[in-house]
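Participant: One structure follows; several queries about it will come next.
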Amino acid sequence: MTKQLIRDLEQISNDLLRLTAAAEDAVSQSLSAILSRDLELARAVIIGDDRIDQMEVQLEEDCLKVLALHQPVAGDLRFVISAIKITSDLERIGDLAKSAAKRAIEIGDGPPIEPPEGFEQMADDVRAMIRNAIHSLVRSDSHLARKVLVRDDEVDRQYRTMLKVLQQRMLTSEDDELDPLLRWQGVLRCMERVGDLATNIAEDVIYLVEGEIVRHQGG
């Protein structure tokens, strides 16, 4: 491995961690904005998504440059391929945080309405999934990555349960409650998708560490 390739891979790794931190912060801030009805924080998340997009584009360009100039093999090739996929998932997490922040503004502008029971637990679980996916990447810890996959099943269960409750509330709610309930439904969907993307990252870490492709294995 040449010194330049080592430097380029280290740069990709560092930039990937910075993008990861930005995406995690966006999700945490959007959730805080929703729960506290903080419209200014929600607007900050929306504005900050441009930075995440720019970081994603730069990282992908750097990864493609490494592939073209150095033609890495074995573990280095797996790392670059995984970095490209993880970068895309992180950008999509940022987009979902932005969408949730928009729902936060819409909910905050309407009449006060309680979040679905269990939402804060789901939010904590989703944040933990992102955090563990990140840590598994940093530590090259495929065991921790597999724990993310297990927790995704719990988040999916929470999502289905709360979705049913919201739908039941819509059937008996007053007209002025329908729109906020629909917004909450959108928030739930955003968080469920963030969990899916954290799972994608964990699966990429397993591939990076073990060389095993675990997508579409069911279970």
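Every number here is computed from the coordinates shown, using simple stated rules; none is lab data. Being a predicted model, the structure only gives us computed values, none of them experimental. FYI the Cβ positions are ideal-geometry reconstructions off the backbone, even for glycines, and counts take in every protein chain you see.
Participant: Would you mind getting me the FRET efficiency between ALA68 and ARG139? Use the beta-carbon distance for r and R0 = 30 Å, nearest 0.05.
Facilitator: In this case the efficiency is close to 0.55.
Participant: Please report the relative contact order for the chain, taking Cα pairs under 8 Å with a sequence separation of at least 6, and give it as a percent rounded to a whole number.
Facilitator: Rounded, it is 26 percent for the chain.
Participant: Quick one: net charge of PRO180's neighbours, Cβ under 13 Å, K/R +1, D/E -1? Mind showing how you got there, number by number?
Facilitator: Values: positive: ARG37, ARG103, ARG169, ARG183; negative: GLU106, ASP109, GLU114, GLU174, ASP175, ASP176, GLU177, ASP179.
Result for the local shell: -4.
Participant: Can you give the alpha-carbon Rg of the range 35-151 over 2.2 N^0.38 Å, where N counts its residues?
Facilitator: 1.33
Participant: List the aspartates and glutamates whose alpha-carbon lies under 13 Å from that of LYS164, not counting same-chain residues fewer than 8 positions away?
Facilitator: GLU117, ASP156
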